[in-house]
Amino acid sequence: MAKIQAVRPLDPPAVSPRTLVIAAAVVAGLLLLAYLVAFDQGAVSRSGMFLHELMHDGRHLLGVPCH
Ligand SMILES: [Zn+2]
């Protein structure tokens, strides 16, 4: 007769909540940076067109529609 064994549940992932908070903050910061580099026209940065002009070559390098 075959022996039946109970299946052990999988262990939870070994990622601490602190690591998740740090990772979420880094992702949010990078998304904000990507927005400021690629899409901001002065509405968020409140710098007029300064940030747009500063990142202008980078926008074209990345292929982001600009003008
Ligand atoms: Zn341009």
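Compute the angle between helix 17-38 and the longest alpha-carbon principal axis of the chain, please, reported from 0 to 90 degrees and rounded to the nearest 10.
Computed tilt is about 30 degrees.
Compute the separation of the alpha-carbon centres of region 16-36 and region 46-67 and state it in Å as a whole number.
What the calculation gives is 23 Å, centre to centre.
Taking the number of other C-beta atoms within 10 Å as the exposure measure, put 67, 60 in order starting with the fewest. Don't skip to the answer; put the middle values down first.
Numbers: 67 6, 60 12.
Ranking 67, 60 by Cβ neighbours within 10 Å, fewest first, gives 67, 60.
Just to confirm a number: summing +1 for Lys and Arg and -1 for Asp and Glu over residues other than residue 52 whose beta-carbon lies under 14 angstrom from that of residue 52, what do you get? Could you put the intermediate results ahead of the total?
Details: positive: 46, 59; negative: 40, 53, 57.
Net charge in that neighbourhood comes out at -1.
Throughout, read-outs are computed from the coordinates displayed, never taken from laboratory work. Every value quoted in this text rests on a predicted model; they were computed, and no experiment measured them. Every residue, glycine as well, gets a Cβ built from its backbone with ideal geometry; the counts of neighbours run over all protein chains shown.
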